[in-house]
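Below you'll find the structure, written out as structure tokens, and then a few comments.
The values are calculated or read from the model by the stated rules, or taken from the named source; none is laboratory data. Remember, it's a predicted structure, so these values are computed and weren't measured experimentally. Cβ: placed from backbone, ideal geometry, glycine included. Neighbour counts: every protein chain shown.
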Amino acid sequence: MKLSTLQRKKFRVRNKLKNNSKNDRYRLSVSRSLKNISAQIIDDANSKTILSASSNEKGMKSGKINKTELSKIVAEKLAKKAGEKNIKKIYFDRGQFKYHGRVKIFAETLRKNGMEF
């Protein structure tokens, strides 16, 4: 089976994380599109999603908000939910996206709100 370039990038990043990861941390997977951004905290040992936050949820897009501000809002919301479940240490899985732009702003906002990765 031949994989596309984007699928190879995603598998490469994810496999490096899984091979070097310990069982004491969860994986934070980030996904973005042209207009939205979403993230999930995943427990790979049990293959379950623990938390998720997205810019598609109700009440997220009130008025005109640019995409960088939207990613900050989603990161703050995810960090707040993770704090309620006592999740502090995670692995940041950027997937096929470069650590640049909205993904970088998302990660820095999570760090400011108490997440460690």
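When you check residue 65 against the structure, is it farther than 24 Å from residue 10 by Cα and either in contact (Cβ under 8 Å) with a residue 60 or more places away in the chain or buried (at least 18 other Cβ atoms within 10 Å of the Cβ) (or both), yes or no?
Working: farther than 24 Å from residue 10 by Cα: yes; either in contact (Cβ under 8 Å) with a residue 60 or more places away in the chain or buried (at least 18 other Cβ atoms within 10 Å of the Cβ) (or both): no.
So residue 65 fails the test.
Restricting the first residue to the range 102-115 and requiring it to be without any contact (Cβ under 8 Å) to a residue 60 or more places away in the chain and on the phi > 0 side of the Ramachandran plot, which pairs with a second residue that is part of a loop (DSSP other than H, G, I, E, B) and basic (Lys, Arg) meet a Cβ separation below 8 Å and a spacing of at least six or different chains?
Matching pairs, first to second residue: 114/88.
Scan the range 45-65 for residues that are at pLDDT 90 or above and farther than 21 Å from residue 87 by Cβ and jot them down. Step through it out loud before you land on a result.
If we filter the range 45-65 for residues that are at pLDDT 90 or above, which is where we start, we get 48-56.
Selection gives 56 alone.
Check whether at least one residue in the range 75-91 is in contact (Cβ under 8 Å) with a residue 24 or more places away in the chain, under 24 Å from residue 8 (Cα atoms) and touching a Leu at 6+ places or on another chain (Cβ under 9 Å), and report yes or no. Full working, then the answer.
First, the residues of the range 75-91 that are in contact (Cβ under 8 Å) with a residue 24 or more places away in the chain: 75-83, 85, 87-91.
Subset that is under 24 Å from residue 8 (Cα atoms): 90-91.
Next cut, touching a Leu at 6+ places or on another chain (Cβ under 9 Å) only: 90-91.
Yes, because at least one residue in the range 75-91 is in contact (Cβ under 8 Å) with a residue 24 or more places away in the chain, under 24 Å from residue 8 (Cα atoms) and touching a Leu at 6+ places or on another chain (Cβ under 9 Å).
For the range 92-110, which positions are surrounded by fewer than 20 Cβ atoms within 10 Å (Cβ to Cβ), within 18 Å of residue 5 (Cβ to Cβ) and among the basic types (Lys, Arg)?
98
Which one of the conditions (1) within 13 Å of the chain's Cα centre (by Cα); (2) loosely packed, with under 13 Cβ neighbours inside 10 Å does residue 26 fail to meet, given that it meets all the rest?
All conditions are met except number (2).
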